[in-house]
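Notes follow the structure.
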Amino acid sequence: MVVVAAGIYFIVVPKLPSIESLKDVQFQVPLRIFSRDDRLIAEYGEKKRTPMDIEDTPKLLINAVLAAEDDRFFEHPGVDYKGIFRAVFYLLKTGEKGQGGSTITMQVARNFFLSREKTYLRKLNEILLALKIERALTKLEILELYINKIYLGNRSYGFGAASQVYYGKDPAELLPAQAAMIAGLPKAPSAYNPIVNPKRALLRRNYVLNRMYALGFLTYDEHQEALNTVDDSALHSLTEEVSAPYLAEMVRAEMVDRFGNDAYTKGYRVYTSVDSRLQTAANDALRMALLEYDERHGYRGPEAKVEINEASVEEDWRALMADFRESNGVWPALVIDVKEQQATVYQPAYGRIVLDWKAMDWARPWRGDGLSPGQAPKLATEILQVGDVVRVVQKTQDKWQLSQLPNVEGALVSLSPHDGAVLALVGGFDFSKSSFNRVIQAERQPGSNFKPFTYSAALERGFTAASVINDAPVVFEDAGLESTWRPENYSGRVFGPTRLREALVNSRNLVSIRLLRAIGISYAIDYATRFGFNPDKLPRDLSLALGSAAIKPMELVTGYAAFANGGYKVDSYYIDRIENDSGEILFKANPARVCEDCDPAQTEPQVPMEEQLISTSMTSVDQSLDKSLENEAQQPGADPGAGADAGDAQENPNEAQMTEAVYVPQPPRVAPRIVTPQNVYIMTSILRDIIQRGTGRRAKQLGRNDIAGKTGTTNDQRDAWFSGFSPDVVTTAWVGFDNPKTLGERETGGRAALPMWIYYMREALKGLPEKPLKRPPGLVTVRIDPDTGLLANAGNPDAIFETFREDQVPQRMTEETVNVDPTGSSSGGMVGEDIPEQLF
């Protein structure tokens, strides 16, 4: 016998795996993504696991595990010989292999190193490994491995995860009955699963409770109370506290790009720059704006029709609705009763809901996307029928409204202009229906939303806010084009000589085209690259003045950040830091931040030679323009469509290559100045005027004087935009169809997109004090004649104030000043030295 035992020892033991790996176990823990205020956004990973240190594990749970699996754990050397003898006796008596003798240490050996097959050799290996483990690790170290490794059903590994999966609680919050339930799972996670087999699970739970009482782990009263506790287990997941699926996908893709598939199993915690309050506001703003647009264009009818009769009851209705899901707060509902101007619907989560006439009177018949709806209904029966599956939204706690899932899409992105941190991001109406992220993937024409960059370039080129350009028709003809291009203002009207301030405030297209030609297309493109725009994506023709480029919302909002922060270039970023499962920082963003008081040598822009003031006569500028319009103008290209391939990734220049090395703090980076303070001041004052009295005046309802922005509408109203900012928040909103088509008559940026911006900024600006526009040195404000842009005479009752650079103040109007012919012809000389104050 001794010889046999020795033989087994010398044959089997050398083949046993090393247990050194147990001293530094890396459990597979999912990737978790958080907002900057520590709210969970998303979790990615096949295995649900929340590792616990043994000292943090509740005593109640430990006692439940010991009672269920190995009550002599702290007494035996890794092998419970009494249990083994019971198993051997059972085998001899019945001739069958049975359970018994498997200690917690042996289960650790099996789970880490062996298969679950029931063979004598595996059992022998298990015993020898258990003895080996007990010599290398302490009892508490072994127990910690067990409570974190063991599989407990429903993708949960370890008791920390099981507590969350089955009861939605941390282990410390478990009741005795709940602790006993999950402690009984290791024996057979499927057979004793309280979700799948509640009756068998209850028997197992009560067995564990009885063992806990017999071992003195529970008092009599605790035992009786636990036995009488109704089990309330249900499938839970870690509650996503912030809805930001588009951002979460950006982070997930970035993490996989950096760490490969280890991103899903190493327990990384990613803290984003997103503010949970603002993200919620962005979600609400996009939903409200798209639903309002959708209502303006009519009701498309029910999603489906089902058969119900008078004998149908709630259980029947619930079964009929099983395949319909909520979508971004728009709930499916079954029409169960319709009266003259009232309807009753059933929603499984909310029960019966009564819709009064105000909740459905908007539902005029839909006649097609972008078309005006039909006649207003007079009766509920014109809208709804019993058996219709419709959509409803909750307006207040007890007020619901008929709705529908919008066909139109939208996007909203908001940054901190101080460093480019993404504060909120919504890439579409419902991520589960379309994961296409329109913030970073959709390349759409910005329309007039791009004009501020052209006007800023013009200010650097020598124009002023009072420069006058003729708002008159222009026609572009080219033998190589199939048709002529006759751009128009949105209204179809022309307004004659117009100051640049008024041209941008009222978004005059014809003025913008003439202005672009005057400063030069190449110059305008080079200037736009300062703001981060890709010059290869900007058309080298005059359509650039009307925003014909293919641009992503993220690019636009980043460009506008330079106006918001005083003229500095910041890059957007969304990952603030990455931690490993031990809480060590592996990466921390180090974005370039605005620093007005830093060394000017680090922040002043390099001014190219070509950015000197235009020093040509009024006549030569006019002649140059006319000649260029004739010879060089090109028709704008076709609509770029919905944009990039869905696999595109947002590049982030702020993020260095991440590795497993612990983060080493980096010196702060200073954002470079890209626009002069004087230029930014004048541009911001114009953009504020757009809200006070221009195309963005709907935003006046916010009641602030420190907000500025610009609308954008493309040909046939295919895209609607609004980009705007305060000194602390810059936001872009977009509305359009994924397959570009008209949004409909009058669906401009001011009507379709601006409401989204307003809804969001109302929340984003809460608690932020209003800030006046700081005036930099080198500017003067004088009274000018609004018709000519020249200094006003003392007695001019119509004079207005305008701000100029000190070296660009126009001369006073004199008798020699020649009146402008609205058709575009002109005579006369310069109005001010080397400054083209009038362009025709």
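Computed from the coordinates by the stated procedures, all read-outs in this text should not be read as laboratory data. On a predicted model such as this, the values are computed, not experimentally measured, just so you know. Positions of Cβ are generated from backbone atoms using ideal geometry, with glycine treated the same way; all protein chains shown enter the neighbour counts.
³J(HN,Hα) across the range 415-424 via Karplus (A = 6.51, B = -1.76, C = 1.60, θ = phi - 60°), whole Hz, x for Gly/Pro?
Whole-Hz 3J(HN,Hα) from phi for the range 415-424: 10, 7, x, 6, 8, x, 4, 6, 8, 7.
Please get the size of the charge dipole for the range 355-426, origin at its Cα centre, with Cβ charges of +1 on Lys and Arg and -1 on Asp and Glu, quoted in debye to the nearest 20. Before the final figure, lay out the partial values.
Values: 7 positive and 8 negative charges, 47 e Å.
Dipole about the Cα centre, nearest 20: 220 debye.
Under the Kirkwood approximation for Rh and a Cα-based Rg, what ratio Rg/Rh is obtained for the range 727-813?
Looking at the range 727-813, the ratio lands at 1.18.
Order of 490-502, 317-329 by packing, highest average Cβ count within 10 Å first?
Descending packing order for the listed peptides: 490-502, 317-329.
What order, most packed first, do the peptides 465-476, 445-456 have when packing is the mean number of other Cβ atoms within 10 Å of each residue?
445-456, 465-476
Just want the answer: with Cβ charges of +1 for Lys and Arg and -1 for Asp and Glu, which residue in 259, 237, 309 is farthest toward the dipole's positive end in the range 162-319?
259
Would you please give the residues with an amide H less than 5 Å from that of residue 392, counting only those at least 5 places away or on a separate chain, with H modeled from the backbone geometry?
331, 333, 403
Each residue of the range 775-787 in turn: what ³J(HN,Hα) in whole Hz from Karplus with 6.51, -1.76, 1.60 and θ = phi - 60°, glycine and Pro shown as x?
Once θ is set to phi - 60°, the couplings for the range 775-787 become 8, x, x, x, 10, 9, 10, 10, 8, 10, 7, x, 7 Hz.
How long is the gain from residue 175 to residue 397 if the chain were fully straight, where each residue apart is worth 0.36 nm and the alpha carbon distance is subtracted? All intermediate terms of the calculation are to be shown ahead of the outcome.
Details: separation 222, 0.36 × 222 = 79.92 nm, distance 3.32 nm.
Working it through step by step, the gained length comes to 76.6 nm.
Around residue 227, under 14 Å between beta carbons, what's the net of Lys plus Arg minus Asp minus Glu among the other residues?
Overall, the nearby charge balance is -1.
Given a cut-off of under 8 Å on Cα pairs at least six residues apart, what relative contact order in percent is computed for the range 273-362?
RCO, the range 273-362: 17 percent.
Which entries of 358/766; 305/358; 139/588; 149/588; 169/433; 82/139 have Cα-Cα distances beyond 27 Å here?
As for pairs spanning more than 27 Å Cα to Cα, those are 358/766; 139/588; 149/588; 169/433.
Could you tell me which GluC sites (Glu not before Pro) in the range 685-793 are loop residues by DSSP with no more than 13 other beta carbons within 10 angstrom of their beta carbon?
Within the range 685-793, the qualifying GluC sites (Glu not before Pro) (loop, at most 13 other Cβ atoms within 10 Å) are 745, 770.
Full extension from residue 762 to residue 693: what is 0.36 nm times the residue separation minus their Cα-Cα distance, to one decimal in nm?
Once the chain is fully extended between residue 762 and residue 693, it gains 22.9 nm.
Can you list the residues, at least 5 places off or on another chain, whose amide H is less than 5 Å from the amide H of residue 593, using H built in the peptide plane?
669, 670, 671
Treating only the Cα positions of the range 471-530 as identical point scatterers, give the base-10 log of I(q)/I(0) from the Debye formula at each q in 0.28 Å⁻¹.
-1.13
Within 10 Å, count the other beta carbons around each residue, average over each peptide in 281-291, 357-367, 727-737, 230-240, and list them highest first.
Highest-to-lowest ranking by the protection proxy: 727-737, 281-291, 357-367, 230-240.
How big is the dipole moment of the range 465-550 about its Cα centre under a simple scheme where the beta carbon of each Lys and Arg is +1, that of each Asp and Glu is -1, and everything else is neutral? Debye, nearest 20, please.
For the range 465-550, the charge dipole is close to 360 debye.
Which distance in nm do the two modelled labels at residue 529 and residue 237 give, with both placed 7 Å along the Cα-to-Cβ direction?
Result for the modelled spin labels: 4.5 nm.
Each residue of the range 388-402 in order: what ³J(HN,Hα) in whole Hz does its phi give by Karplus 6.51 cos²θ - 1.76 cosθ + 1.60, θ = phi - 60°, with x for Gly and Pro?
In residue order, the calculated couplings are 5, 9, 10, 10, 9, 10, 8, 7, 9, 4, 10, 10, 10, 9, 4 Hz.
For residue 495, enumerate residues with amide H under 5 Å from its amide H, sequence gap 5+ or separate chain, H modeled in the peptide plane.
Hits under the 5 Å cutoff: 471.
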